[in-house]
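Asker: The structure that follows is given in the form of structure tokens.
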Amino acid sequence: MIDDLDLGFDEPERGEKGRHRRGFRKRNGKSGGGRGKTFLALLMALVLLGGIGGVAFYGFDRIQNYFVTPDYDGTGTGEITVEIKNGALLADMADALVAADVVKSQKAFVEAAEANARSKNIQPGTYKLRQRMSGANAVTAMLDLKNKIVNGLTIPEGRTSFNIYKLLSEKTKIPVKDFQTAAKDPEGLGVPDWWFKRADGKKSVKSVEGFLFPDTYEIPPKSTAESILKLMVNRFLSVTGEMKFADRVQEERGGVSPYEALIVASLAQAEAGNKDDLGKVARVAYNRAYGEFFCNCLEMDVTVNYYLESIGKPTKSSKQMTAAELDDPKNPYNRKLRGMIPTPINNPGKQALEGAMDPPPGKWLYFVAIDKQGHSEFAETYEQHQRNEAKAREAGII
């Protein structure tokens, strides 16, 4: 580098007697030009050294951040609410906290959570926290139940959308009409269009029924009817996605669409008196609607009750139903309708979905409950079914 710098020194001149003498050559008739050039060279050297120092400092800072976790000190200031969604991993929680400026970095929270054996107890929900907290203090705060805003609501399996709107309205004080309005656009709530495609040639009826997954939900403050139903639809999509419900139905159910299988799951949820029988009842529904049953109809009273509830009338037991109600030609859920009904008749749980996705093999067409635990006997012929009914009468079930 020194070779490239002109520091202003000239080649020594020879005197009259050939001896060298030191000195500066005059340029442009002026003396002292070399002194200015020397100053410039020194200045450049300082700048160069400063640049190297800056790069070194920047590099050190980057390396320091790599080895030292960016974190706030203390318990923080102010107050903010943060929602932790269902299924959130530690990294997801950390992202939500960083976005709200509760912790300084994802790494700060994750490392603190991994160091705390109780962090696995952090639940989905809404938390009251402070901003600019250390990662360790944020973990401690989220493990303290007094910081969790408890506004949970459990939606039982097999409830109709009409019943769910009432439950939600009672909990949130949001009018039932708001839920009914939001439900008119199931795709707007997140149900993909392909879910409504049918393989049986029947017209698709788009309904949110079946997509409001039964679970316990934390209702965030200031929620709307639309946001709550979206939460439930999203849960349905997550569960069925993990199960690979749609893929397996298309691959294994012989031309039945995922939507038709969802309808079958709702029928099984409504008809099975015991969870052990969900798959078998689903098989009966498939056999009746798509097999060689005498009418290729479902002949299930639960479809009639769904229609009664949809028009604002009270539901009834089978014995209470009149012949006109059982076979009302205006009822699109008529028990003698050929093939599969238009929509699900409730919102089935995971086990009912599994039963419809992968029912046990069998040619059953009939079933009847035979004990007080709700277990059913299944039959391929009407004669076998009559014998099972006799067992049920002896047990005092029917």
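Asker: For the structure I just gave you, tell me whether T322 is within 21 Å of G374 (Cβ to Cβ) and free of Cβ contacts under 8 Å to residues at least 60 places away in the same chain.
Answerer: Details: within 21 Å of G374 (Cβ to Cβ): no; free of Cβ contacts under 8 Å to residues at least 60 places away in the same chain: yes.
Judged against the criteria, T322 is not a match.
Asker: Next up: Pairs under 7 Å by beta carbon, first residue farther than 20 Å from G87 by Cα in the range 218-231, partner assigned to a helix (DSSP H, G or I), six or more apart or different chains?
Answerer: Hits for this filter: A225/D178; A225/F179; A225/A182; E226/A182.
Asker: Tally up the residues in the range 373-389 that are open to solvent by less than 50 Å² (accessible area, probe 1.4 Å) and part of a loop (DSSP other than H, G, I, E, B), please.
Answerer: 1
Asker: Which helices (runs of 4 or more DSSP H) sit wholly inside the range 265-359 and have at least 1 residues that are over 21 Å from R159 (Cβ atoms), modelled with pLDDT of 95 or more and open to solvent by 30 Å² or more (accessible area, probe 1.4 Å)? Steps first, please.
Answerer: Values: elements: 278-290, 301-310, 323-326, 350-357.
Where helices (runs of 4 or more DSSP H) fall fully within the range 265-359 and carry at least 1 residues being over 21 Å from R159 (Cβ atoms), modelled with pLDDT of 95 or more and open to solvent by 30 Å² or more (accessible area, probe 1.4 Å), they are 278-290.
Asker: Another question about this same structure. Kindly list the number of the only condition in (1) among the hydrophobic types (A, V, I, L, M, F, W, C); (2) within 38 Å of the chain's Cα centre (by Cα); (3) open to solvent by less than 20 Å² (accessible area, probe 1.4 Å) that fails for A392.
Answerer: Every listed condition holds for A392 apart from (2).
Asker: When you scan the range 360-372, how many residues do you find that are within 38 Å of the chain's Cα centre (by Cα) and not in a strand (DSSP E or B)?
Answerer: Here the count works out to 7.
Asker: Take the range 256-312 and flag every residue that is over 25 Å from F236 (Cα atoms) and β-branched (V, I, T).
Answerer: Result: V304, I311.
Asker: Among all residue pairs at least 6 apart or on different chains, which show Cβ distances below 6 Å where the first residue, located in the range 380-393, is under 12 Å from A369 (Cα atoms) and the second is open to solvent by 100 Å² or more (accessible area, probe 1.4 Å) and among the hydrophobic types (A, V, I, L, M, F, W, C)?
Answerer: As it stands, the answer is none, since no pair meets every condition given.
Asker: So which helices (runs of 4 or more DSSP H) stay within the range 125-241 end to end and still have 2 or more residues that are open to solvent by 60 Å² or more (accessible area, probe 1.4 Å), out of contact with any Gly (no Cβ under 8 Å at 6 or more places or on another chain) and of a type in the set (D, E, K, R)? Step through it out loud before you land on a result.
Answerer: Values: elements: 135-143, 161-172, 176-183.
Helices (runs of 4 or more DSSP H) meeting the threshold: 161-172, 176-183.
The values are calculated or read from the model by the stated rules, or taken from the named source; none is laboratory data. None of these values were measured; they are calculated from a predicted model. All Cβ positions, glycine included, derive from the backbone under ideal geometry; neighbour counts span all protein chains shown. Only protein heavy atoms, including side chains, enter the accessible area calculation; ligands, DNA and RNA are left aside. Shrake-Rupley method; radii C 1.70, N 1.55, O 1.52, S 1.80 Å.
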